[in-house]
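Each remark here refers to the structure printed beneath this line.
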Amino acid sequence: MSVDLEQFHQVFFEESFEGLDIMETGLMELDLGAANSEDINTIFRAAHSIKGGSGTFGFQGIANFTHVMETLLDEMRDGRRQVTREAVDSLLKSVDILRMMLNCEQDKSNPDTDKIQQQMSELEFILGESGGAAAIQAASAGSSSETTGWHIIFEPDANMMLTGNDPLRIIRELAEMGDIEVKTNQQKLPAFSELSPENCYLSWDITLRGNITEDAIKDVFLWVEDECKLTLTPIVDTSVQPAAEATSAAPAVTESVAPVAATASDSKKSTQSSSATSSIRVGIDKIDDLINMVGELVITQSMLSLLGEDFSMQNLEKLQDGLGQLERHTRELQESVMMIRMLPISFSFSRFPRLVRDMSSQMGKKIDLIMSGENTEIDKTLIEKIGDPLVHLVRNSLDHGIEMPADRIAAGKKETGTINLNAYHKGGNIVIEITDDGKGIDQDAVLNKAIEKGLVPAGAKLTAQQINDLIFQPGFSTAKKITDVSGRGVGMDVVRKNITSLGGAVEIQSEHGKGSTFTIRLPLTLAILDGQSVIVGNEIYIIPLVSIVESIQIKTSMINKVAGKGETFKLRDEYIPIVRLSRVFGIENAKAKTLEDGLLVVVEADRKPCGLFVDDLLGQQQVVIKSLEQNYRRVDGVSGATILGDGSVALILDIPGLLRMSVRH
Amino acid sequence: MNAKDDSINRDEDQPQFLSFTLGDEDYGVNILRVQEIRGWEEVRDIPNTPDYIKGVLNLRNTVVPIVDLRIRFNLKKVEYTPTTVIIVLSVEKDGSSHVMGVVVDAVSDVLNIERKNIKAAPNFGGKINTRYMNGMVMVDNRMVVLLETDKLLDQDELAALESISS
């Protein structure tokens, strides 16, 4: 199965640039010597996300680079290392390098490997992993492709000045980078009588000396790329510098004007991309649909207004036709507009087959990935935000969940492990499940680790669920070895944080030896919902269609009272509790007093059925969910509101919440 | 448009207030916070909320909660009449803003008030809470209480109030 990962790159870049900004601000605010571990954690998480994402998309260079940064941050977070100015400075520089690397990946240009190498070794130098070696590496990296200057042939097209670019300004900018020699080539200059003052006839032959990167020069020509012929040849002058370079042992010393210039233009680029962050990419076919629809709407409108100009009763039928058309077009238009925001979750899922394949072969495991419910529609913003947590969870299942083939056979399981990804709508939520049939959570190991880390006092008694929840704590990991996959104990707390920030929840069920299931519930904000409208008294409520099993009218003989109060009824050998909506919501003027008068809507929440007693059913319709929280706050038993055809508001019932309330009543 | 620009310029020393009545009493809210005034119409009840939350209203596709100020101020309840209006206010909190409506008996006037004429609300003792008052002002021998709507309609305050009364 081949998946085009390209389509997700943009999302990854946007997220990574955001992450870099977080790291940058975080680093700037760090108190030297007395840094708050939560602050470091924030920086660390951002780095970790970038590492994870770049690994997934095959940007190995970025993943490796971030890995080194992360190791440094990890030591700081655990208090094993003082937060020194050198370290922070170096990390900030690394952020710049990382940004450059991302930019290069984004516009598919070649990153400046020298600078990356140099920064890598600087970080490693600080880490003390290989102080001497790093220095040598830096020196050799420096001398191997040392450029002492560039020879630039710059031939603007005749109409370059018409685009508002001035060659003089470009040359001035180059002059600021190093020693410059400019020769003007006037061959093409026509006779004065034929000269058009708006055309550019000159070309230049420029020799620029100094330690300048190719990118820095290209940046100068960024705006005129398409309007000129540009030839860049490095001047390699081996006799000048290598000796001096090699003696400067500490890599931090080798700095020059060029990187500064490069960073300046890099940051300019990144602001451009961040302003594009809020955009949405829509297929042209969807736009075409919209335009067609609007066209038809306009035609219908003009037909109706013509009809209205001199209306007589004979035209009534025409009017009704027209109104019918108008209704249809409006509905179609609404659907197409909603379609722009709603995307199937496969956008998020389809990056996983590659991830699973690459990682399982890397780890020597055999894993099948089964995906279902890929067509479940979910808001675009949610797709973007849920991507990272999902990657973490799937990686987690791959790394910690599924065992090595030999271990699986020893445990009496199939050699090939299975990871299930499933998405569906339920109870006003979107539920995404990640299930593996691996080794599950070893609760003793988790508890011991938690005690060792000081998260739980020694000797504490915790339920299985509480222990499972521990893995969402920051800094928690039972992996024995730190790999670039997982094991730093940052993944799960990010997962939970991200999901909670979306107003959702993540739960884990796990059985040692059998496997684990992670369940993510996300609210349906902005999603459309198929609903059944019901009436109680004067109030209209919407019940999400997914939670309805059936609607029935019952007879007295079916009703049982428990302890004189709790009402249940018997439906096909099952006793189902009855919840009167009027009672839970305190509605006084409900029309149906006895159970035979009204209707029972059998709903299901958490796999438990329940009969919701209402006056009557009205109709089924698609409703657009409006949040109540936006202007008010959460209301128990209500997941949101919607606007009905007549302009009035109807509340959408939150069935699980409602049933919990009824238990309290 | 012009009126609005003027009022912004004048806000410093001569703020404008929209005055309205609740029974015999006159109140005012800063006019810059008023989004619109509309006639009373039936709202959708929200279950299990205090009395003064009348319900929610569809205001051009936004769901806006409506507070009855009479009930909120413990005044006598009255039937809604044709002059009963909903004043839609924007409420600001921690830099973000949301929209709420208040039901009042009738709107009366737009007042231009010199800032120096606004008197601080006197201490009424424990009986009347002055936290929601911006100050008081005399207009044509009638006393107008200027309300601090951000505090009056603050979600947390409303929730706290609810837990006390329940």
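Evaluate region A:370-387: report whether one residue or more is over 26 Å from A:V11 (Cα atoms), acidic (D, E) and crowded, with 18+ Cβ neighbours inside 10 Å. Reasoning before the result, please.
Step one: list which residues in region A:370-387 are over 26 Å from A:V11 (Cα atoms), which gives none.
The answer is no; no qualifying residue exists.
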In region A:641-651, residue nearest to the chain's Cα centre (by Cα) [restricted to those that are open to solvent by 20 Å² or more (accessible area, probe 1.4 Å) and within 7 Å of chain B (Cβ to nearest Cβ)]: A:I643
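Is at least one residue of region B:38-53 under 25 Å from A:I540 (Cα atoms), more than 12 Å from chain A (Cβ to nearest Cβ), part of a loop (DSSP other than H, G, I, E, B) and among the hydrophobic types (A, V, I, L, M, F, W, C)? It would help to see each step written out before you state the result.
Kept after step one, since they are under 25 Å from A:I540 (Cα atoms), are these residues of region B:38-53: B:38-53.
Filter again for more than 12 Å from chain A (Cβ to nearest Cβ), leaving B:38-40, B:52.
The next check asks that each one be part of a loop (DSSP other than H, G, I, E, B); those that pass are B:40, B:52.
Remaining after also requiring among the hydrophobic types (A, V, I, L, M, F, W, C): B:40.
For region B:38-53, residues under 25 Å from A:I540 (Cα atoms), more than 12 Å from chain A (Cβ to nearest Cβ), part of a loop (DSSP other than H, G, I, E, B) and among the hydrophobic types (A, V, I, L, M, F, W, C): present.
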Some residue of region A:310-329 being out of contact with any helix residue (DSSP H, G or I) (no Cβ under 9 Å at 6 or more places or on another chain), under 30 Å from A:E403 (Cβ atoms), of a type in the set (S, T, Y) and outside the structural domain of A:F13 (by TED's automatic domain parsing): no
Residue pairs meeting the criteria (Cβ under 7 Å; at least 6 apart or on separate chains; first closer than 23 Å to B:L146 by Cβ and at pLDDT below 85, in region B:54-79; second open to solvent by less than 30 Å² (accessible area, probe 1.4 Å) and in a loop (DSSP other than H, G, I, E, B)): B:R72/B:Y52
A:G58 being within 18 Å of the chain's Cα centre (by Cα), buried (at least 22 other Cβ atoms within 10 Å of the Cβ) and not aromatic (F, W, Y): no
For B:T81: the one exception among (1) at the interface with chain A (Cβ under 10 Å from one of its Cβ atoms); (2) surrounded by fewer than 20 Cβ atoms within 10 Å (Cβ to Cβ); (3) among the polar types (S, T, N, Q): (1)
Matching residues, region A:640-665, being in contact with a helix residue (DSSP H, G or I) (Cβ under 7 Å, 6 or more places away or on another chain) and closer than 20 Å to A:G619 by Cβ: A:I655
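In region A:577-613, what count of residues is obtained for those that are assigned to a loop (DSSP other than H, G, I, E, B) and within 13 Å of another protein chain (Cβ to nearest Cβ)?
Going residue by residue through region A:577-613, those that are assigned to a loop (DSSP other than H, G, I, E, B) are A:585-598, A:606-607.
So of that shortlist, the ones also within 13 Å of another protein chain (Cβ to nearest Cβ) come out as A:585-590.
Result for region A:577-613: 6.
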Residue within region B:13-20 that is in a loop (DSSP other than H, G, I, E, B) and open to solvent by less than 10 Å² (accessible area, probe 1.4 Å) present: yes
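Restricting attention to region B:61-71, which residues are open to solvent by less than 30 Å² (accessible area, probe 1.4 Å) and either of a type in the set (V, I, T) or more than 10 Å from chain A (Cβ to nearest Cβ) (or both)?
Here is the first cut: in region B:61-71, the ones open to solvent by less than 30 Å² (accessible area, probe 1.4 Å) are B:63-71.
Residues satisfying the conditions are B:V63, B:V64, B:I66, B:V67, B:D68, B:L69, B:R70, B:I71.
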Complete set of residues in region A:151-174 that are out of contact with any Leu (no Cβ under 9 Å at 6 or more places or on another chain), buried (at least 16 other Cβ atoms within 10 Å of the Cβ) and modelled with pLDDT of 80 or more: A:I170, A:I171
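State which residue is farthest from the other protein chains (Cβ to nearest Cβ) when the search covers only region B:24-37 and only residues that are outside any strand (DSSP E or B) and without any contact (Cβ under 8 Å) to a residue 60 or more places away in the chain. Don't jump to the end; show me each part of the working.
Restricting attention to region B:24-37, the residues satisfying the condition of being outside any strand (DSSP E or B) are B:24, B:31-33.
Pick out the ones that are also without any contact (Cβ under 8 Å) to a residue 60 or more places away in the chain and you get B:24, B:32.
Values: B:D24: 30, B:L32: 19 Å.
Restricting to residues being outside any strand (DSSP E or B) and without any contact (Cβ under 8 Å) to a residue 60 or more places away in the chain, the top hit is B:D24.
Filtering region A:614-640 down to residues that are hydrophobic (A, V, I, L, M, F, W, C) and closer than 19 Å to A:V603 by Cβ, which residue is nearest to the other protein chains (Cβ to nearest Cβ)?
Of all residues in region A:614-640, those hydrophobic (A, V, I, L, M, F, W, C) come to A:614, A:617-618, A:623-625, A:628, A:635, A:638.
Next, only the ones that are closer than 19 Å to A:V603 by Cβ stay: A:614, A:617-618, A:623, A:625, A:635, A:638.
Numbers: A:V614: 13, A:L617: 18, A:L618: 14, A:V623: 12, A:I625: 10, A:V635: 6, A:V638: 7 Å.
Step by step, filter region A:614-640, then rank; the result is A:V635.
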Qualifying residue in region A:444-457 (condition: touching a residue at least 40 places away in the same chain (Cβ under 8 Å), part of a helix (DSSP H, G or I) and buried (at least 18 other Cβ atoms within 10 Å of the Cβ)): no
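Output yes when any residue across region B:106-119 is under 17 Å from the mean Cα position of the chain (by Cα), at pLDDT below 85, surrounded by fewer than 14 Cβ atoms within 10 Å (Cβ to Cβ) and within 24 Å of B:V63 (Cα to Cα), and no when none is.
Of region B:106-119, the ones under 17 Å from the mean Cα position of the chain (by Cα) are B:106-111.
Okay, now just the ones that are also at pLDDT below 85, so none.
No: zero hits.
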Members of region A:42-55 found to be crowded, with 24+ Cβ neighbours inside 10 Å, of a type in the set (S, T, N, Q) and farther than 24 Å from A:P353 by Cα, listed by number: none
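Table: residues versus (1) modelled with pLDDT of 85 or more; (2) out of contact with any Cys (no Cβ under 7 Å at 6 or more places or on another chain); (3) in the same structural domain as A:Q334 (by TED's automatic domain parsing); (4) part of a strand (DSSP E or B).
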{"residue": "A:G489", "(1), (2), (3), (4)": "no, yes, no, no"}
{"residue": "A:V494", "(1), (2), (3), (4)": "no, yes, no, no"}
{"residue": "A:N498", "(1), (2), (3), (4)": "no, yes, no, no"}
{"residue": "A:G513", "(1), (2), (3), (4)": "no, yes, no, no"}
{"residue": "A:T519", "(1), (2), (3), (4)": "yes, yes, no, yes"}
{"residue": "A:V534", "(1), (2), (3), (4)": "yes, yes, no, yes"}
{"residue": "A:I543", "(1), (2), (3), (4)": "yes, yes, no, yes"}
{"residue": "A:S551", "(1), (2), (3), (4)": "yes, yes, no, yes"}
{"residue": "A:E567", "(1), (2), (3), (4)": "no, yes, no, yes"}
Residue match in region A:62-69 (condition: in contact (Cβ under 8 Å) with a residue 40 or more places away in the chain, surrounded by fewer than 23 Cβ atoms within 10 Å (Cβ to Cβ) and closer than 20 Å to A:F8 by Cβ): yes
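The values are calculated or read from the model by the stated rules, or taken from the named source; none is laboratory data. The model shown is predicted, which means the values in this text are computed figures rather than measured ones. Here the Cβ is made from the backbone with ideal geometry for all residues, glycine too, and neighbour counts use every protein chain on show. Note: accessible area is taken over every heavy atom of the protein model, side chains too, but ligands, DNA and RNA are not part of it. Shrake-Rupley method; radii C 1.70, N 1.55, O 1.52, S 1.80 Å.
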